[in-house]
Amino acid sequence: MHTLNADLHCHSSVSDGTLSPEDVAARAKANGVQLWALTDHDEVSGQQRARAAAAALQLPYLTGTEVSVTFAGETVHIVGLGFDADDSALTEGLRRTRGGRELRAREMAAGLARVGIQGSYEGALKYVGNPELISRTHFARHLVETGVCRDTQEVFRKYLTEGKPGYVEHRWATLPDAVGWITGAGGIAVVAHPGRYKFSANEEYALFSQFKDLGGRGVEVVTGSHTPHDFVKYAKLAQEFGLLASRGSDFHSPTESHTDLGTLPPLPGELSPVWEALQDRVWR
Ligand code: AMP
Ligand code: MN
Ligand code: MN
Ligand code: MN
């Protein structure tokens with residue numbers, strides 16, 4: 001089961017990916033993925049399409065989402081897997097989480113205008129597939145397209161991260177809410193790409209202890225956002241905290257993503273894969 005090609009983290013144009021749910025499904029299948037979840041940011045409106053596309057391809061499917069959370073002043077992402085996508089507490093909670101994005105985007109554009117970059121709100125909107133889900137990624141695409149930066153990495157580094165002109169502080173969902181919505185809807189909550197957060201060892205410990213106390217059960221170990229060093233570090237952490245391990249590319253786009261669907265190494269053998277605990281939630 002460790003060698004199952006599971007890809008349980010990726011995005012479509014329903015959030016900040018560039019491909020439709022159907023095209024992500026086809027790409028996952030073509031790349032040899034054997035169990036797939038589409039995990040759009042703060043949104044489950046693509047789940048029906050993803051599940052139908054997967055069924056047509058005979059690709060086993062788990063429902064998914066990636067919830068934006070504010071913890072200790074930082075943004076943390078919590079992936080939910082195998083939940084009931086029609087659960088009203090979940091869909092309502094996600095709707096509220098998305099709610100602040102438009103105003104935030106207007107403030108981001110105002111910040112960019114102060115350093116001479118005009119019209120970025122309208123520019124970003126051209127890349128948005130879901131009007132409720134304007135994200136920093138859409139601004140990044142616009143700034144690359146208009147020649148302000150060479151690639152999206154450079155846009156984030158120069159304009160869209162803390163302390164930079166287009167960065168706007170934002171309060172997302174709380175950790176108890178995000179874990180509660182996912183588990184309340186019958187799913188498993190997973191800490192996404194922990195290697196990306198800028199926490200001290202104490203803050204990271206606090207995140208995982210609180211996450212466990214709240215009923216969170218999983219952690220991403222092998223992800224496109226981790227280095228091989230992170231694979232080892234978070235494999236150890238999964239064992240220390242008794243967490244199930246997950247694997248996912250975090251694929252967003254054929255031209256921007258450095259890790260394609262289904263191309264990551266397998267989970268280290270000593271870990272318990274999250275998909276073993278989700279067998280009865282798989283759509284086949
Ligand atoms: P948002 O939810 O609007 O804050 O946007 C977060 C998204 O931006 C993430 O899900 C990534 O897709 C993307 N992102 C964050 N940091 C970077 C980075 N350094 N380079 C490229 N994309 C990034
Ligand atoms: Mn994203
Ligand atoms: Mn993320
Ligand atoms: Mn993601």
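Quick check: anything in segment 150-162 touching a residue at least 24 places away in the same chain (Cβ under 8 Å), touching an Asp or Glu at 6+ places or on another chain (Cβ under 8 Å) and away from ligand 3 (no atom under 15 Å from the Cβ)? Write out each step before concluding.
First, the residues of segment 150-162 that are touching a residue at least 24 places away in the same chain (Cβ under 8 Å): 151-152, 159-160.
This time we only want the ones that are touching an Asp or Glu at 6+ places or on another chain (Cβ under 8 Å), so: 151-152.
Cutting the leftovers down to away from ligand 3 (no atom under 15 Å from the Cβ) gives us 151.
Among the residues of segment 150-162, at least one is touching a residue at least 24 places away in the same chain (Cβ under 8 Å), touching an Asp or Glu at 6+ places or on another chain (Cβ under 8 Å) and away from ligand 3 (no atom under 15 Å from the Cβ), which makes the answer yes.
From the list Glu66, Glu22, exactly one residue is touching a Ser or Thr at 6+ places or on another chain (Cβ under 9 Å), of a type in the set (Asp, Glu) and in a helix (DSSP H, G or I). Which is it?
Details: Glu66 fails: in a helix (DSSP H, G or I).
Of Glu66, Glu22, the one residue that is touching a Ser or Thr at 6+ places or on another chain (Cβ under 9 Å), of a type in the set (Asp, Glu) and in a helix (DSSP H, G or I) is Glu22.
Mind checking which pairs have a first residue in segment 14-34 that is free of Cβ contacts under 8 Å to residues at least 40 places away in the same chain and acidic (Asp, Glu) and a second that is part of a helix (DSSP H, G or I) and open to solvent by 10 Å² or more (accessible area, probe 1.4 Å), Cβ under 6 Å, 6 or more apart or different chains?
From segment 14-34, the pairs are Glu22/Ala53.
Can you tell me how many residues within segment 59-73 are open to solvent by 40 Å² or more (accessible area, probe 1.4 Å) and in contact with a helix residue (DSSP H, G or I) (Cβ under 8 Å, 6 or more places away or on another chain)?
1
Specify which of the listed residues (Ser246, Ser225) is within 24 Å of Pro21 (Cα to Cα) and within 16 Å of ligand 1 (Cβ to nearest atom). Step through it out loud before you land on a result.
Working: Ser246 fails: within 16 Å of ligand 1 (Cβ to nearest atom).
Every option except Ser225 fails the conditions.
Which of the strands (runs of 3 or more DSSP E) found entirely inside segment 175-272 contain at least 1 residues meeting this: of a type in the set (Val, Ile, Thr) and free of Cβ contacts under 8 Å to residues at least 40 places away in the same chain?
Correct list: 218-223.
When residues of segment 212-230 are filtered for being open to solvent by 10 Å² or more (accessible area, probe 1.4 Å), within 16 Å of Leu271 (Cβ to Cβ) and touching an Asp or Glu at 6+ places or on another chain (Cβ under 8 Å), how many remain?
So the answer is 1.
Picking from Gly180, Gly111, Gly166, Gly123, which residue would you name as being surrounded by 15 or more Cβ atoms within 10 Å (Cβ to Cβ) and within 30 Å of Glu276 (Cα to Cα)? Walk me through how you get there before you give the answer.
Numbers: Gly111 fails: within 30 Å of Glu276 (Cα to Cα); Gly166 fails: within 30 Å of Glu276 (Cα to Cα); Gly123 fails: within 30 Å of Glu276 (Cα to Cα).
Sole residue among the options that is surrounded by 15 or more Cβ atoms within 10 Å (Cβ to Cβ) and within 30 Å of Glu276 (Cα to Cα): Gly180.
Going by what's in this entry, would His226 be described as farther than 19 Å from Thr70 by Cβ, within 17 Å of the chain's Cα centre (by Cα) and at pLDDT below 95? Working first, answer last.
On the way: farther than 19 Å from Thr70 by Cβ: yes; within 17 Å of the chain's Cα centre (by Cα): yes; at pLDDT below 95: no.
Against the criterion (farther than 19 Å from Thr70 by Cβ, within 17 Å of the chain's Cα centre (by Cα) and at pLDDT below 95), His226 does not qualify.
Select, from Ala50, Ala89, the only residue that is surrounded by fewer than 21 Cβ atoms within 10 Å (Cβ to Cβ) and either more than 20 Å from Val219 (Cβ to Cβ) or more than 16 Å from ligand 4 (Cβ to nearest atom) (or both). Talk me through it step by step, then tell me what you get.
Numbers: Ala50 fails: surrounded by fewer than 21 Cβ atoms within 10 Å (Cβ to Cβ).
Within the list Ala50, Ala89, the selection yields Ala89.
Hey, could you check segment 231-273 for residues that are within 16 Å of ligand 3 (Cβ to nearest atom) and open to solvent by 10 Å² or more (accessible area, probe 1.4 Å) and say which is farthest from Asn202 (Cα to Cα)? So that I can check it myself, show each step before the final result.
Narrowing segment 231-273 to residues within 16 Å of ligand 3 (Cβ to nearest atom): 234, 246-253, 256-259, 261, 264.
When the remaining residues are screened for being open to solvent by 10 Å² or more (accessible area, probe 1.4 Å), the result is 247, 250, 252, 256-259, 264.
Numbers: Arg247: 25, Asp250: 26, His252: 31, Glu256: 33, Ser257: 31, His258: 31, Thr259: 30, Leu264: 29 Å.
If we take residues in segment 231-273 being within 16 Å of ligand 3 (Cβ to nearest atom) and open to solvent by 10 Å² or more (accessible area, probe 1.4 Å), then Glu256 is farthest from Asn202 (Cα to Cα).
Looking for something out of contact with any strand residue (DSSP E or B) (no Cβ under 9 Å at 6 or more places or on another chain), under 18 Å from Ala192 (Cβ atoms) and within 15 Å of ligand 2 (Cβ to nearest atom) - is there at least one such residue anywhere in segment 43-58?
Yes, segment 43-58 contains at least one residue that is out of contact with any strand residue (DSSP E or B) (no Cβ under 9 Å at 6 or more places or on another chain), under 18 Å from Ala192 (Cβ atoms) and within 15 Å of ligand 2 (Cβ to nearest atom).
Only residues that are within 12 Å of ligand 2 (Cβ to nearest atom) and either without any contact (Cβ under 8 Å) to a residue 40 or more places away in the chain or in contact with a helix residue (DSSP H, G or I) (Cβ under 8 Å, 6 or more places away or on another chain) (or both): list them for segment 1-10, please.
Cys10
If I go through segment 232-264 residue by residue, how many of them are more than 19 Å from the chain's Cα centre (by Cα) and closer than 30 Å to Asp151 by Cα?
Result for segment 232-264: 2.
The values are calculated or read from the model by the stated rules, or taken from the named source; none is laboratory data. Not measured: the values here are computed from a predicted model. So basically every Cβ, Gly included, is an ideal-geometry build from the backbone, and we count neighbours across all protein chains shown. All accessible areas refer to the heavy atoms of the entire protein, side chains included, with ligands and DNA or RNA removed. Shrake-Rupley method; radii C 1.70, N 1.55, O 1.52, S 1.80 Å.
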